[in-house]
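Undergrad: I have a structure here, written as C-alpha cells, and I will follow up with some questions on it.
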Amino acid sequence: MAVVKLWQENNLSNATIKNRLSALRHLAKLIKKPYLIPSNSDLNVGKRKYVSTENHALINPDFTYITNKNIKISLELQRILGLRREESLKIKPHLAHRDNQLHLQSSWCKGGRGRMIPNKTDEQRYWLEEAKKVVGQAGNSLIPQGKTYILQRHLYDKQVQHAGLKNLHGLRHAYAQKPYKELTGWDAPICGGLKSSEYTPEQKEKDHLARMILAEELGHSREQITVNYCGR
C-alpha cells in the first residue's frame, strides 16, 4: 500500500503504523471488504519495539529563523521544561510560575492531567519571565488574545517548517535525560550509560525512583513510559 510506504518514509514507528492499519482493517470489515488491507508481513511492517534503542533527543536546535516571538518562547519552554506542544501554547505563565515550580493546569495538558515541574535553573526562570512579558496581563496565555488554539498551532507549524526544524518531540527527550542524570548520578542507557541489566541492586532502586519521579514530571503515571526517553 502506498500509504504505508509514505508512513515509513516519514519515519513513523512500527507501532503507530500497526495501530493505523488496525483501524483501517476495522473499517474494511464494516464495509464487508476485509481483503482490502493486506497483512502486516505482506506490507513489510516490522515488529513493535518496546525498548527504544535510538536516542531521539534534539539538543539546542537553532531557533534563529522563528520570527514570531510567542512561538519562539513556546519552543524555548518545550526545550527547557519538557512541555508538549499544546502545553507550550496554552500555558498562562503568570498563573503557572510560582516560586521554584511550574504548575500546569489540567486544561492545558494531555488527557487533562495537570502536573508540577521544578524550576531549578536560571535559564528556566529567564524564559518564564520572558513569557510573562510577552503575554502582558496575568491570565493571558501564549496564544494571543482573539486567536484560537488551532490558529496558533497552525502558525507554530508554519514557523517550524519555515525554520527547517523537524521532530521537535525530541526536545522533550533531551529534557527528560537531564533530570534522569541528576537524580541517578549517571547517564541514561540511551545516552551510553549502563544498561539496567548491569545495575547493582542499589542502582536498580535508584533508577526506579528516578523514573517514577520523571514519569510524573513528564505528565505520565507509568514508569514504563520513561523507556521511550531514557532507554533501558
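The values are calculated or read from the model by the stated rules, or taken from the named source; none is laboratory data. Computed from a predicted structure; not experimentally measured. Heads up, the Cβs are rebuilt from the backbone with ideal geometry, glycines too, and the neighbour counts pull from every protein chain shown.
Undergrad: Out of all the residues in the stretch 190-219, which are in contact (Cβ under 8 Å) with a residue 12 or more places away in the chain and within 14 Å of residue 116 (Cβ to Cβ)?
TA: Those that are in contact (Cβ under 8 Å) with a residue 12 or more places away in the chain and within 14 Å of residue 116 (Cβ to Cβ): 213, 214, 216, 217, 218, 219.
Undergrad: Report yes if residue 161 is buried (at least 18 other Cβ atoms within 10 Å of the Cβ) and under 24 Å from residue 79 (Cβ atoms), otherwise no.
TA: Working: buried (at least 18 other Cβ atoms within 10 Å of the Cβ): no; under 24 Å from residue 79 (Cβ atoms): yes.
Considered against the rule, which asks whether it is buried (at least 18 other Cβ atoms within 10 Å of the Cβ) and under 24 Å from residue 79 (Cβ atoms), residue 161 comes out as no.
Undergrad: Which residue out of 156, 199 is farther than 19 Å from residue 58 by Cα and crowded, with 17+ Cβ neighbours inside 10 Å?
TA: Details: 156 fails: farther than 19 Å from residue 58 by Cα.
Residue meeting the stated conditions: 199.
Undergrad: Separate question: Consider residue 158 carefully, then state whether it is at pLDDT 95 or above, charged (D, E, K, R), outside the structural domain of residue 83 (by TED's automatic domain parsing) and not in a loop (DSSP other than H, G, I, E, B). Steps first, answer last, please.
TA: Details: at pLDDT 95 or above: yes; charged (D, E, K, R): yes; outside the structural domain of residue 83 (by TED's automatic domain parsing): no; not in a loop (DSSP other than H, G, I, E, B): yes.
Answer is no for this residue.
Undergrad: Further question on the same structure: When residue 202 is evaluated against the numbered criteria (1) more than 22 Å from the chain's Cα centre (by Cα); (2) within 22 Å of residue 228 (Cβ to Cβ); (3) not aliphatic (A, V, I, L, M), which criterion, by number, is the only one it fails?
TA: (2)
Undergrad: Can you find even one residue in the stretch 63-71 that is in contact with a Gly (Cβ under 6 Å, 6 or more places away or on another chain) and either exposed (fewer than 12 other Cβ atoms within 10 Å of the Cβ) or assigned to a helix (DSSP H, G or I) (or both)? Steps first, answer last, please.
TA: Kept after step one, since they are in contact with a Gly (Cβ under 6 Å, 6 or more places away or on another chain), are these residues of the stretch 63-71: none.
Within the stretch 63-71, not a single residue is in contact with a Gly (Cβ under 6 Å, 6 or more places away or on another chain) and either exposed (fewer than 12 other Cβ atoms within 10 Å of the Cβ) or assigned to a helix (DSSP H, G or I) (or both).
Undergrad: Given 91, 117, which one is in contact (Cβ under 8 Å) with a residue 24 or more places away in the chain, β-branched (Val, Ile, Thr) and more than 20 Å from residue 177 (Cβ to Cβ)?
TA: On the way: 117 fails: more than 20 Å from residue 177 (Cβ to Cβ).
From the options 91, 117, the qualifying one is 91.
Undergrad: Let me ask something else. Test each condition in (1) assigned to a helix (DSSP H, G or I); (2) at pLDDT 95 or above for residue 165 and report the one that comes out false.
TA: It is condition (1) that residue 165 fails.
Undergrad: Scan 59, 66, 80 and give me the residue that is of a type outside the set (D, E, K, R), at pLDDT 95 or above and within 28 Å of residue 227 (Cβ to Cβ). Don't jump to the end; show me each part of the working.
TA: On the way: 59 fails: at pLDDT 95 or above; 66 fails: within 28 Å of residue 227 (Cβ to Cβ).
Criteria check complete, one pass: 80.
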